[in-house]
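Heads up: the structure comes next, in structure tokens.
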Ligand SMILES: CC(C)(COP(=O)(O)OP(=O)(O)OC[C@H]1O[C@@H](n2cnc3c(N)ncnc32)[C@H](O)[C@@H]1OP(=O)(O)O)[C@@H](O)C(=O)NCCC(=O)NCCS
């Protein structure tokens, strides 16, 4: 029995109720209507045999035409919308929400409680920390890291109380190996050059790069057109 068939034993639905479930940020809103068990899985889903699913009592929804690559570890409590593609050896922790047509690259890690909006590409080996929000049609190049804990409080009193996720607007493009400090907001269609350390909010439509990143002018019109969104 294939991994997908095994997962289907939990529950198969004919039509994935995308709009109802995902129209706001509440995980599994309306779940009572669908009699969910642990996993709801759509049609044409391809889950590689070596994908691990961590049972934690939380419910997971997988839409139609989703692929999950070999070696990926997925926790209960994720929502993968229609046409999502997850690469090999990725980690998706609880509360990860990948909207339609998102690509989540190999070896990338989601710490959970984060949203990646539709048609966004998160390339390989990225770290998406808790409370990150990435808007639609974004391009995140490999080795990009988002942070959320300014005070680095793990195992100290107050840990988790002041976490601030990074927010990226629509159509943002991020070059390879960028670092975003906690709570930074990047406006729509901004471009962040390769190797940048983003310490401040970036206004919409601007090109920033450097270490720390600074304003280098406007993002080209071409960039916005290519985005096609
Ligand atoms: C930011 C970027 C878009 C700028 O491109 P550009 O406008 O064509 O810039 P240029 O190549 O003309 O360089 C202009 C100057 O900025 C510098 N520069 C360009 N990108 C830089 C960056 N990311 N960090 C620091 N300096 C940079 C150049 O060295 C050059 O300096 P100089 O005037 O002293 O010679 C581009 O450099 C970049 O980082 N692209 C992302 C590539 C990437 O990661 N792709 C992902 C593929 S998976």
### Task
Note down the relative contact order for the range 116-207 as a percent, whole number, built from C-alpha pairs under 8 angstrom at least six residues apart.
24 percent
### Task
Return the whole-Å distance between the Cα centroid of the range 51-99 and the Cα centroid of the range 137-206.
23 Å
## Note on the structure
One point scatterer per Cα, no solvent, Debye formula: log10 I(q)/I(0) for the range 132-218 at q = 0.17, 0.20, 0.24 Å⁻¹ comes out as -0.63, -0.82, -1.10
### Task
Starting from one equal scatterer on each C-alpha and no solvent at all, send me the Debye-based log10 I(q)/I(0) for the range 86-133 at q = 0.28, 0.30 Å⁻¹, two decimals.
-1.06, -1.20
### Query
Measuring from label point to label point, each 7 Å out along Cα→Cβ, what is the residue 50 to residue 70 span in nm?
0.5 nm
### Query
Which Rg and Dmax, in Å, describe the Cα atoms of the range 38-83?
9.8, 25
### Message
Which three numbers, in whole Å and largest first, are the semi-axes of the equivalent ellipsoid of the range 100-178 derived from its Cα gyration tensor as √(5λ)?
### Response
23, 13, 11
### Query
What is the gain in length, in nm to one decimal, between residue 218 and residue 154 on full extension, counting 0.36 nm per residue of separation less the C-alpha to C-alpha distance?
19.2 nm
### Shape call, the range 73-229: gyration tensor on alpha carbons, a/c limit 1.5
oblate
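Bear in mind these aren't lab numbers, they're just calculated from the coordinates by the rules spelled out. What you see is a predicted model; the values in this text were computed from it and never measured. A quick note on method: Cβ atoms are made from the backbone with ideal geometry, for glycine too, and the neighbour counts reach across all protein chains shown.
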